[in-house]
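Peer 1: Here you go, one structure.
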Amino acid sequence: MFDLVKKTMLTGIGLAVMTKDKVEDLAKEMIDKGKMSEREGKELIDELLRKSEEARKDFESRVEEIIHRVLEKIDVATKEDVDKIEKKIKGLEQRVSRDKKRTADE
């Protein structure tokens, strides 16, 4: 019975958006209705929280990957690209400044 409840909840609930409070409330409700023991409820809470965290991390990773691919396809400069350009500009500004000073001293 416990496994059936667990499987149903894991497949029926959007784990990536499940909060600790929701998990605890759900388990408490199941315990109160006598559908699982307190120990099973604790195990369920722990497992759902773990799976929720895994699902959230996986979701974030996939979204980041998709965004990165989309940005590459539409040829938008990344933060890294902008940082490189800023570094080059800074170097060029320093060279221009040195050259102006050298020219002024001559």
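The values are calculated or read from the model by the stated rules, or taken from the named source; none is laboratory data. In this text the structure is predicted, and so the values were computed from the model without any measurement. Here the Cβ positions follow ideal geometry from the backbone for every residue, glycine too, while neighbour counts run over all protein chains shown.
So that you can scan it fast, the table gives a plain yes or no per residue for (1) over 30 Å from Val63 (Cα atoms); (2) modelled with pLDDT under 65; (3) not aliphatic (A, V, I, L, M):
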position	(1), (2), (3)
Asp3	yes, yes, yes
Lys7	no, yes, yes
Leu10	no, yes, no
Ile13	no, yes, no
Asp21	no, no, yes
Asp25	no, no, yes
Glu29	yes, no, yes
Lys35	yes, no, yes
Glu38	yes, no, yes
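Every residue, every condition in (1) of a type in the set (Asp, Glu); (2) in a helix (DSSP H, G or I); (3) in contact with a strand residue (DSSP E or B) (Cβ under 8 Å, 6 or more places away or on another chain), yes or no:
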position	(1), (2), (3)
Asp21	yes, yes, no
Ile31	no, yes, no
Glu40	yes, yes, no
Ser52	no, yes, no
Val76	no, no, no
Leu92	no, yes, no
Asp99	yes, yes, no
